[in-house]
Structures are given as structure tokens and as C-alpha cells.
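Here's the structure, in C-alpha cells; my notes come after.
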Amino acid sequence: MPTKKKPQVTASPERRRELLDTAAEVFAAQGYNATTVRKIADHAGMLAGSLYYHFDSKESMLEEILRTFLDELWSGYDAVLDAELGPRETLEALVTESFREIDRHRAAVAIYQKEAKHLAVQERFEFLAASQRKFEKAWLTTLERGVEDRNFRADLDIRLTYRFVRDTVWVAASWYRPGGQHSPEEIARQYLSMVLDGIAVRPT
């Protein structure tokens, strides 16, 4: 006979955040399929049954982790896109905001990179595919404007450039550790100095 789950109770926001942070680290390190509620509870220093007081399943925890990350990402991205900056300044601001989100949500970014493709086919996680389409449109539009305005080279393959920038920014989640030698803003400046020298219009 299946074990009856305990009724959920409302945890303090701080405790809920702590539990989700712990779950995110376990999901990122061990993978979603290999992670059980018991493993998360062990890392949180509590019994598995006690975790059900706060969340009804590991799916609920994962959904909240990814939604929180994407909500904050789009809050920052939308502020950049609504500012009506030039294409170069928009690209710089999007890259900087991306590194800030890696700093805030490193584990969630790692989960997204490893799990989003197969999770997105599930109805519960359809928001991942919608976010990816919006993400791609924002970056491609910025690059296209840059070429049209002659901020970026006319010979750029826009989609290839988008993939390069996307992948080289977000792979930082695999090595970046919050509180390290460089702030996210400093890493963004270094990154942009390398990328933009390669795609900015060359002086004649």
C-alpha cells in the first residue's frame, strides 16, 4: 500500500528558500532522474517524510526552482529590452544580466542546461520551451539590429553568432562559483572585450 503523503504546511519564506537551494544543488550534481526526495532530505538534514510537509513531490520542487530562475532572468532581460538601448549596448547589458543570473542561480542554470530539453515535452514544464523561444528571439533581434545599424559586421552569420554567444556565456555555470575572485560584472566585461572585438565593425 503506498505511503500516504503528509499534509503540506506553509514554511517561512527563508526556510522554503533554503530547502529549494538544497534541492537545486542535489539536482544539479546528481541529475533529476537520479535524485530522490530522500536524497534531498538527507542533504537538508531532515527525514524524507518531513519534506512532504513543504512540497508534494520532487517535481514541484524542480518546477519552483526553474520558474524562480526564469522569472528573475526575464525581469532583468525585459528591463534591458524595454530601455531601447542601441544594439551594442543591449548586447552588453544582456550578457551582464546573464552572468548576474549565473551568480544568483548557478545550480538552477546547470539544471536547465542538462534537463530542459526532455522536461519541456511534459505539460508541467511547457514554460521552458516558451521561455527558450522568447530568449532566442531577443538575442537574434539584437544581433540583427546591430548588423542593420552597422554596429556589427555585415558578414556575420546571425544564428551562428547567437549560438556562440549563448553557449559561451551560459557554460560559465559549470565553473563559476559565487564569491570567487571576480564579480559577475567583471567577468561580463572581460567576456565582452573578447567577443565585441571580434564582431564589431572594423575601422577602415
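The values are calculated or read from the model by the stated rules, or taken from the named source; none is laboratory data. From a predicted model like this one, the values you see are computed outputs, not experimental measurements. Positions of Cβ are backbone-derived with ideal geometry, glycine not excepted, and every protein chain shown enters the neighbour counts. With ligands, DNA and RNA removed, areas are computed over all heavy atoms of the protein, side chains included. Shrake-Rupley method; radii C 1.70, N 1.55, O 1.52, S 1.80 Å.
For segment 69-175, GluC sites (Glu not before Pro) meeting the loop criterion (DSSP other than H, G, I, E, B) and having at most 14 other Cβ atoms within 10 Å: Glu84. Relative to the first principal axis of the alpha-carbon coordinates of the chain, what is the inclination of helix 106-119, with its axis defined by its Cα atoms, in degrees from 0 to 90 and to the nearest 10? That helix lies at roughly 90 degrees to the long axis. For segment 1-132, take every pair of Cα atoms, bin their distances at 5 Å starting from 0, and report each bin as a whole percent. So the P(r) values, bin by bin, are 2, 10, 18, 20, 17, 15, 8, 5, 3, 2, 1, 0, 0.
A Förster radius of 41 Å, combined with the Cβ-Cβ distance separating Thr141 from Asp21, puts the computed FRET efficiency at roughly 0.75.
To the nearest µm²/s, what D does Stokes-Einstein give for segment 49-204 at 4 °C and 1.567 mPa s, using the Kirkwood radius over alpha carbon pairs as Rh? My calculation gives 77 µm²/s for D. Rolling a 1.4 angstrom probe over the protein heavy atoms with all chains in place gives segment 59-197 an accessible area of 53 Å² per residue.
With the charge dipole of segment 1-126 set up from +1 on Lys and Arg Cβ and -1 on Asp and Glu Cβ about the Cα centre, the Cα lying farthest toward the positive end among the listed residues Leu81, Ile111, Ala44 is that of Ala44.
Heavy atoms only, probe 1.4 Å: what % of the accessible area of the chain goes to carbon and sulfur, would you let me know?
Numbers: 5940 of 11590 Å².
Carbon plus sulfur share of accessible area: 51 percent.
Taking the Cα centre of the chain as origin, work out the dipole magnitude from +1 charges on Lys and Arg Cβ and -1 charges on Asp and Glu Cβ, in debye rounded to 20. With Lys and Arg at +1 and Asp and Glu at -1, about 740 debye.
If you count Lys pairs in the chain whose Cα atoms are under 22 Å apart, skipping same-chain pairs closer than 8 places in sequence, the total is 14.
Here the Karplus relation 6.51 cos²θ - 1.76 cosθ + 1.60, evaluated at θ = phi - 60°, turns the backbone of segment 176-190 into coupling constants of 6, 10, x, x, x, 5, 10, 6, x, 5, 5, 5, 4, 4, 5 Hz, with x for every Gly and Pro. Please build a GNM for the chain, connecting alpha carbons under 10 Å apart, and tell me which residue among Trp175, Trp139, Trp74 fluctuates the most. Comparing Trp175, Trp139, Trp74 in the GNM, the peak value goes to Trp175.
Based on DSSP H runs of at least 4 residues, each adding -39500 (n - 2.57), what is the mean residue ellipticity at 222 nm of the chain after dividing by all its residues, to the nearest 500 deg cm²/dmol? Spell out each step's value before the answer.
Values: 9 runs with 139 residues, N = 204.
The helix contribution divided over the chain gives -22500 deg cm²/dmol.
Glu123 sits among other residues whose Cβ lies under 15 Å from its own Cβ, and their net charge, with Lys and Arg +1 and Asp and Glu -1, is -1.
Taking N as the number of residues in segment 108-198, what is its alpha-carbon radius of gyration divided by 2.2 N^0.38 Å? Could you put the intermediate results ahead of the total?
Working: Rg = 15.5 Å, N = 91, 2.2 N^0.38 = 12.2 Å.
Relative to the 2.2 N^0.38 Å estimate, segment 108-198 comes out at 1.27.
Once the other residues with Cβ under 12 Å from the Cβ of His43 are scored (Lys, Arg +1; Asp, Glu -1), what is the net sum? Provide the component values of the computation, followed by the final result.
Numbers: positive: Arg38, Lys39; negative: Glu18, Asp21, Glu25, Asp42.
Counting the neighbours of His43, the net charge comes to -2.
Roughly how many Å is it from the Cα centre of segment 61-77 to that of segment 100-155, as a whole number? Segment 61-77 and segment 100-155 have Cα centres spaced 12 Å from each other. Between the Cα long axis of helix 87-104 and the first principal axis of the chain there is an angle of about 20°, rounded to the nearest 10.
With N set to the number of residues, divide the alpha-carbon radius of gyration of segment 58-124 by 2.2 N^0.38 Å and report two decimals.
Here the answer is 1.26, to two decimals.
To the nearest ten degrees, helix 158-170 and the longest principal axis of the Cα atoms of the chain are 50 degrees apart.
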